[in-house]
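The values are calculated or read from the model by the stated rules, or taken from the named source; none is laboratory data. Computed from a predicted structure; not experimentally measured. Cβ atoms come from the backbone with ideal geometry, glycine included; neighbour counts cover every protein chain shown. The protein model used for the area step is the full one, side chains on, heavy atoms only, and it has no ligands, DNA or RNA in it. Shrake-Rupley method; radii C 1.70, N 1.55, O 1.52, S 1.80 Å.
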Amino acid sequence: MTSTVHEITPGVLVSRARLWSSLTTVVVADSRCLVVDPGITPSEIGRVADELRARGLRVDAGFSTHPHWDHVLWSPRWPDAPRWATTACVRRADESRAHNLAEADALAPGHDHDLVGRLVPIPRTHGGALRLPWTGVDSLVVEHDAHAPGHAALVLPGRRVLVAGDMLSDREVPLLDTDAVDPVTDYRRALDLLEAQVVEHRVTALVPGHGSPALGSRDVGERFTADRRYLDAIEHEARHGCGDEPRSACSTRDPRLTDPWVAGEHRAQVAALGRSRG
């Protein structure tokens, strides 16, 4: 069997799914590991489980970065591992359970309904940063309001890694929570929060939810630049339109918009922002 799990930096493994280039992240500590956002089909998650077992790794815990269906999946091979998420993420996953199950059945059929979205809120302690209660690797949780309620990134200071969830992708432009009052401002604030963590912990590897990891400080920095440039452009387009600019890309010629699905999401976001400002 060809390996689908690859080490991008010591102690951090990723596996890419076929649908949307979704990335599963595995954080390794000796013979134990934490699995972040496993996806997407049951067979793909099963192959990850096979490879972790072949490497002698036991899955201790999971983490869901946000409550969208493709980030709350799991394997029956890891029955006893707690699956943590922010309190807001757990609440939204519960509220949207029927929708998430329908999406999973339509796009990645075969998942056990009893496992989809069964998340546990991260316990909060008085004072200090929010951390996963996992003893394997120090894992800081950075909660924000971009993309989806209860979204969070995971910072691994000892590994100098940021697991960003559905942000900072080389495949997708920033996908806004257009139900929010001010989704662009929410997104900018989240980028500021994450970049502060990158600077403080000297992050040199970034794993998005979809696409490819960014390796090296320069590549990590370019992801932030690209997302901020897009936010500037979409605000301009929502307010002023873009005339004959190709691909509705407005003042940015963002290469991510060459993907028809991403371009469609962009157009929907422009329309939603236009309505909210009208």
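For the stretch 1-80, the share of DSSP beta bridges that are antiparallel, to the nearest 5, is 75%. Here the simple spin-label model places points 7 Å from the Cα toward Cβ, and for Arg91 and Arg32 these points are separated by 3.0 nm.
Converting phi to 3J(HN,Hα) with the Karplus coefficients 6.51, -1.76 and 1.60 and the offset θ = phi - 60°, the stretch 17-29 yields 7, 6, 6, 6, 6, 5, 10, 8, 10, 10, 9, 9, 9 Hz in sequence order, with x at every glycine or proline. For the stretch 34-188, the antiparallel share of DSSP beta bridges with both residues in that region comes to about 55%. According to the Kirkwood relation over distinct C-alpha pairs, the hydrodynamic radius of the stretch 97-247 is 17.3 Å. Quick one, which of (1) -0.28, -0.71, -1.24, -1.44; (2) -0.24, -0.61, -1.14, -1.44; (3) -0.37, -0.78, -1.13, -1.29 is the actual log10 I(q)/I(0) by the Debye sum over Cα atoms at q = 0.07, 0.11, 0.15, 0.17 Å⁻¹ calculated for this model? Answer by label: (2). Normalised by 2.2 N^0.38 Å, where N is the number of residues, the C-alpha radius of gyration of the stretch 1-130 stands at 1.03. Rounded to the nearest 20 debye, the dipole size of the stretch 52-211 about its Cα centre is 780 debye, using +1 on the Cβ of Lys and Arg and -1 on the Cβ of Asp and Glu.
Highest-first packing order for the peptide set 174-182, 138-146 is 138-146, 174-182, based on the mean count of other beta carbon atoms within 10 Å.
Stokes-Einstein diffusion for the stretch 9-50, with the hydrodynamic radius set to the Kirkwood value over Cα pairs and evaluated at 25 °C in a medium of 0.890 mPa s, equals 232 µm²/s. Applying 0.36 nm per residue to the separation of Asp182 and Arg229 and subtracting their alpha-carbon distance, the gain on full extension is 15.2 nm. Cα convex hull, the stretch 90-131: 84 Å³ per residue, rounded to a whole number. Once the 1.4 Å probe is applied to the protein heavy atoms, the stretch 143-278 comes out at 44 Å² accessible per residue. The fraction of accessible area contributed by carbon and sulfur in the chain is 49 percent, rounded to a whole number (1.4 Å probe; ligands and nucleic acids excluded). Where only DSSP H runs of four or more residues are counted, the chain gives -11000 deg cm²/dmol as its mean residue ellipticity at 222 nm, each run worth -39500 (n - 2.57). Taking amide hydrogens as placed 1.01 Å from N in the peptide plane, the amide H of Gly62 sits under 5 Å from those of Val35, Arg83, Trp84, each at least 5 positions away in sequence or on another chain.
Using only the Cα atoms of the stretch 64-105, build the gyration tensor, take square roots of its eigenvalues as a ≥ b ≥ c, and label the shape rounded, prolate or oblate: rounded if a/c is under 1.5, else prolate if a/b is larger than b/c, else oblate. Oblate shape, in that a/c is at least 1.5 and b/c is the bigger or equal ratio.
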